[in-house]
Amino acid sequence: MLVWGGPTLEEADGVLALAEADASRITRIPGIWDDGRSGVGVAGAGDVNGDGFDDLLIGAPGANSGQGMAYLIYGSNTMPATFDLASGIRSEVVQLQGSAEDQELGAAVSGAGDVNGDGLSDFLVGSPRCSFFGPPYAGRVYLIFGSTAALAGTDGILALEELNGENGGWFNGNEPGGRLGDALSGAGDVNGDGYDDMLLGEPDFDSARGRVLLACGTPEYGQGTTPVFSHASLDYYTGNYANGNFGKSLSGAGDVNGDGLDDFIVGEPGKNRALVFFGNDAISAPKELRLSLRALGKT
Ligand SMILES: [Ca+2]
Ligand SMILES: [Ca+2]
Ligand SMILES: [Ca+2]
Ligand SMILES: [Ca+2]
């Protein structure tokens, strides 16, 4: 369901009745698969193809017997009252299809901002039950780079296992059961280098203490020859409390403290709290900045 912004969004009584709203106000986007749970993941993607219209992401993690599907829908000024996802594939829609290892693909989707500085928005799709280690599930996050060229073949399907490092790739979780990709967000530019950064949640890591990986943007994204992005070079933040599920929810926060660097917020619902992390221009030096909350004295 997509609701158009505007100065008269609400009716006179302050209620926008969805059943009565016409195409000038709302576009409905039904899922394709009966048990697809389409809409578990939803996000704005930014302008991925550079046509001036911002684009949309929808995840349907129950689709295809739980393997999951995700859809990139290109924005336009001719969105109908009801958008037919299936017939849009090939033209206005890219269907993002995982490999056999993927499970719950699309449980989280997010715009990433422009991580490689080419002026086009990039985006993230999570597969938190991805089972390349076998169950229990380590998870995987796909990063796909914006392009003015077609992301998919003529069938409209982007087979994610065929990403090649130039058009995108993936981060694999490195702990069985960690559920990397259960939550995802663009972070803005937390280290002030001009490239947008990304937050990858891994909430069941280490007895569900949880972890958040911060993947900093770099012009090297899109120049690679392998689709597997290094997990080892990422900064990360770990929770300290078993079942705290640090990283179950997270979001870029903009510049909360006005220092010119973007900040981010992470939920730790099992500990009944949220934490704000402030941007730091030293972030991205590998290893040394693998900060645990304990190391920061923030237990
Ligand atoms: Ca667009
Ligand atoms: Ca980009
Ligand atoms: Ca950055
Ligand atoms: Ca800040």
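Observations, loosely collected:
- Just one residue in the set G146, G173, G186 is within 16 Å of ligand 4 (Cβ to nearest atom), in contact (Cβ under 8 Å) with a residue 24 or more places away in the chain and surrounded by 18 or more Cβ atoms within 10 Å (Cβ to Cβ); that residue is G186.
- Residues that are small (G, A, S) and within 16 Å of ligand 1 (Cβ to nearest atom), drawn from the range 57-76: G75, S76
- In the condition set (1) at pLDDT 95 or above; (2) within 16 Å of ligand 2 (Cβ to nearest atom), G217 is compliant with all but (1).
- When the test is whether a residue is polar (S, T, N, Q), within 22 Å of S185 (Cα to Cα), touching a Leu at 6+ places or on another chain (Cβ under 6 Å) and surrounded by 23 or more Cβ atoms within 10 Å (Cβ to Cβ), S121 does not pass it.
- Close Cβ contacts (under 9 Å, 6 or more residues apart or on different chains) running from residues in the range 51-67 that are within 18 Å of I29 (Cα to Cα) to residues that are acidic (D, E) and within 15 Å of ligand 1 (Cβ to nearest atom) comprise F53/D47; D54/D47; D55/D47.
- Pairing residues of the range 261-278 that are surrounded by fewer than 22 Cβ atoms within 10 Å (Cβ to Cβ) with residues that are among the acidic types (D, E), at Cβ distances under 7 Å and at least 6 apart in sequence or on separate chains, gives L261/D255; L261/D281; D263/D255; A274/E268; L275/E268; V276/D263; F278/D263.
- Residue in the range 1-56 that is modelled with the lowest pLDDT, counting only those that are away from ligand 1 (no atom under 16 Å from the Cβ) and not in a loop (DSSP other than H, G, I, E, B): V3
- Of the criteria (1) touching a Pro at 6+ places or on another chain (Cβ under 6 Å); (2) buried (at least 20 other Cβ atoms within 10 Å of the Cβ), which one C216 fails: (1)
The values are calculated or read from the model by the stated rules, or taken from the named source; none is laboratory data. Since the model is a prediction, treat every value here as computed from it, not as a measurement. When we count neighbours, we look across all protein chains shown, and the Cβ atoms used for this are built from the backbone with ideal geometry, even at glycine.
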